[in-house]
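*Asks:* Attaching a single structure in structure tokens format; questions to follow.
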Amino acid sequence: AQVELQQFSTPPMLAWLMAKAAAVCAQDTLLEPSAGNGALALWGCLQNASLLLNEIDPARRDGLAHLFPRATIAAHDGELIAGLLRGPVPSAVLMNPPFAHSLERGKDGETAMRHLRGAIRAAANRARIVAIMPEGFDASTFAKEQDEASLLLDVRLQQMFRRTGTGIAVRLVVFDKTPTASSPAITGDTADLIALHELITALPPRVQTSANIHRLPLGKPVRLVCKTSTQSAPVRPVAPFAATPAATANAIDLAYSVLADPAPVPEQAGIYLPYRPSRIVFEDAPVHPTPLVESVAMGSVAAPQPDVCPRLPACWQADGLLSEAQCETLVYAAQAFARDLPGQFKVSQEGTSLELSEEGHSYRQGFFLGDGTGAGKGRQIAAVIMDRWLAGERRHVWITKNEALLEDARR
């Protein structure tokens, strides 16, 4: 598991230099997102800093609980730490993330960068982040892409991990969570710890942090502890919701007619065609508020003839909840959900894909919505969930990319 998850401990002297670069003190809340055996957290502990340790391996978590009994310990995917971390906001981060193995995606060359981005987002304003990164990591470009972090140090390190069995070169990078740096970034290339120490001593001093980041309010952070023999066995929860039919007094079927022949193709304008549902006609569906287009290639292929009957609130037409084009999306999404994928599947070892297997399970067909800007994807998704809800399906998860899109979902 250590090799598969790329869990290699930071050499002690390098860990000490990283803690010095972070200028960890007793007033800090120190986050180590991939804590491992605590090689980096140790130096924060010696400075009496509060520790937030994150580690996915259960055995290593147990070790951390014994080594740092006062630490708050979590078991999140380090890439997603910004959205999952609860409790005090970190004022300093020390990290040596996996370079090319993602918990969710398996082999992934951008894993370390995702871990670093997550740590920066999780940290307080003006926090200092010190990280070991792959040799090919472009710290300067990464810093330019971050609105909230500035690069202070970028040093290529040679042979630093040779005693742990690998001679690969790595990079030591230091960021402050501030929009602009007070001085140009320090750069270098060395295999000498003394030379690295000299570069680190040239770093500007830290500024006072501010815990001004968005966190969902929750109760006290949960500490992971080892189960003792006196504790009772964990209770498996029952399914939180049963698939019970919904009240349908205010719901109606979405009425439409299926065309035997595809609707006529509109007149081409450049490389685009005015969009129209190619196989179905809705009764008195509102026109989409803005013109929609599709490529000539897509417009030349007619959609299949559906046979499902989605349900919507009775007021959908009077209140203009969905346009004709959005209703078409609902129909074909419902058509997809009405069947299973052919064959049986099991989840791959990495957990990121399905593989055909006679000992596997059946999986419902999904639906990919690829509409562009202006199509109203939020309403389309909401309509799909509403149809499923009216069919008695009570478990739905809406995952969104960032806070701005979260507000669109709430709307």
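The values are calculated or read from the model by the stated rules, or taken from the named source; none is laboratory data. Here the structure is a predicted model, which is why all the values come from computation and not from measurement. Cβ: placed from backbone, ideal geometry, glycine included. Neighbour counts: every protein chain shown.
*Asks:* Restricting to segment 32-61, count the residues that are in a helix (DSSP H, G or I) and within 11 Å of residue 75 (Cα to Cα).
*Replies:* Of the residues in that region, 3 qualify.
*Asks:* Go through segment 152-173 and give me each residue that's part of a strand (DSSP E or B), closer than 20 Å to residue 111 by Cβ and of a type in the set (A, V, I, L, M, F, W, C).
*Replies:* 157, 170, 172, 173
*Asks:* Only residues that are buried (at least 19 other Cβ atoms within 10 Å of the Cβ) and not small (Gly, Ala, Ser): list them for segment 135-156, please.
*Replies:* Those that are buried (at least 19 other Cβ atoms within 10 Å of the Cβ) and not small (Gly, Ala, Ser): 137, 142, 151, 152, 153, 154, 155.
*Asks:* Quick check on segment 346-354. Is at least one of its residues in the same structural domain as residue 316 (by TED's automatic domain parsing), touching a His at 6+ places or on another chain (Cβ under 9 Å) and under 30 Å from residue 313 (Cβ atoms)?
*Replies:* no
*Asks:* Here are some residues: 359, 324, 355. Which one is within 21 Å of residue 284 (Cβ to Cβ) and touching a strand residue (DSSP E or B) at 6+ places or on another chain (Cβ under 7 Å)?
*Replies:* Selected residue: 324, the only one of 359, 324, 355 that is within 21 Å of residue 284 (Cβ to Cβ) and touching a strand residue (DSSP E or B) at 6+ places or on another chain (Cβ under 7 Å).
*Asks:* Conditions: (1) closer than 27 Å to residue 353 by Cβ; (2) out of contact with any Leu (no Cβ under 6 Å at 6 or more places or on another chain). Residue 45 meets all but one. Number of the miss?
*Replies:* (1)
*Asks:* Is there a residue in segment 219-242 that is at pLDDT below 90, of a type in the set (Val, Ile, Thr) and over 35 Å from the mean Cα position of the chain (by Cα)?
*Replies:* Yes, that holds for at least one residue.
*Asks:* Another one. Looking at segment 256-373, what strands (runs of 3 or more DSSP E) fall wholly within it and have at least 1 residues that are touching a residue at least 24 places away in the same chain (Cβ under 8 Å) and on the phi < 0 side of the Ramachandran plot?
*Replies:* Correct list: 256-258, 272-274, 280-282, 293-295, 311-313.
*Asks:* Can you spot a residue in segment 175-190 that is more than 22 Å from residue 51 (Cα to Cα), modelled with pLDDT of 95 or more and within 28 Å of the chain's Cα centre (by Cα)?
*Replies:* No, every residue in segment 175-190 fails to be more than 22 Å from residue 51 (Cα to Cα), modelled with pLDDT of 95 or more and within 28 Å of the chain's Cα centre (by Cα).
*Asks:* Going by the conditions given, is residue 131 farther than 20 Å from residue 12 by Cα and surrounded by 21 or more Cβ atoms within 10 Å (Cβ to Cβ)?
*Replies:* Considered against the rule, which asks whether it is farther than 20 Å from residue 12 by Cα and surrounded by 21 or more Cβ atoms within 10 Å (Cβ to Cβ), residue 131 comes out as no.
*Asks:* Every residue in segment 65-95 that is crowded, with 24+ Cβ neighbours inside 10 Å and not in a strand (DSSP E or B), please.
*Replies:* Passing the criteria: 78, 79, 81, 85, 90, 91.
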